[in-house]
């Protein structure tokens, strides 16, 4: 977007036209982020709206260091985390040995489209999807996830392991169905 810095400055000054332009520019991308961390589109829309309220409330603190889009993305993820923590009780699990699973074959993953893979990820139970997204997509480590979600590191690890196990089973099922369709 041309003149993004000026639009950010104008938005911080409370100019509604600049805020509207910024919203129109970023909302489609941020909706995708919110959707990954929400149980459905309605919750994603709520997170998007709450996220932009927070963006416009805190935009004056953006220091123009690094990517503005990344800054906004982090706010969206934090809003989703806050909603998740408020609505879901996390149970600690410390014995990781029971979740040791073999890795997926890369050939199976290559057969899936990005849309299919996102659909499978979105079918994960909320606590597993949240940890999986934070670890795999946001690149957070287990300590950061534990701090953000107010859970133990062991719980973060076990939730990731369970998410991977569920994803593996679903991918194998989808891949198996795809193979059956090819041979028909």
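Just one of the listed residues (40, 10) is over 21 Å from residue 123 (Cα atoms) and surrounded by fewer than 19 Cβ atoms within 10 Å (Cβ to Cβ), namely 10.
When you check residue 149 against the structure, is it at pLDDT below 90, surrounded by 15 or more Cβ atoms within 10 Å (Cβ to Cβ), under 30 Å from residue 71 (Cβ atoms) and out of contact with any strand residue (DSSP E or B) (no Cβ under 7 Å at 6 or more places or on another chain), yes or no? Answer is yes for this residue. Only one entry in 160, 118, 134, 167 is modelled with pLDDT under 90 and crowded, with 19+ Cβ neighbours inside 10 Å, namely 167. Scanning segment 123-136 for residues that are out of contact with any helix residue (DSSP H, G or I) (no Cβ under 7 Å at 6 or more places or on another chain) and part of a helix (DSSP H, G or I) yields one hit, 136. Can you tell me how many residues in segment 41-98 are modelled with pLDDT of 85 or more and outside any loop (DSSP other than H, G, I, E, B)? Looking only at that region, the number is 37.
Condition check for residue 20 on (1) in a helix (DSSP H, G or I); (2) touching a helix residue (DSSP H, G or I) at 6+ places or on another chain (Cβ under 7 Å): one failure, at (2). Here residue 48 passes the criteria (1) under 21 Å from residue 132 (Cβ atoms); (2) without any contact (Cβ under 8 Å) to a residue 60 or more places away in the chain; (3) surrounded by fewer than 19 Cβ atoms within 10 Å (Cβ to Cβ) except the one numbered (3).
In this structure, residue 26 does satisfy being crowded, with 16+ Cβ neighbours inside 10 Å, closer than 17 Å to residue 70 by Cα and over 15 Å from the mean Cα position of the chain (by Cα).
The values are calculated or read from the model by the stated rules, or taken from the named source; none is laboratory data. Since this is a predicted model, take the numbers as computed values, not measurements. FYI the Cβ positions are ideal-geometry reconstructions off the backbone, even for glycines, and counts take in every protein chain you see.
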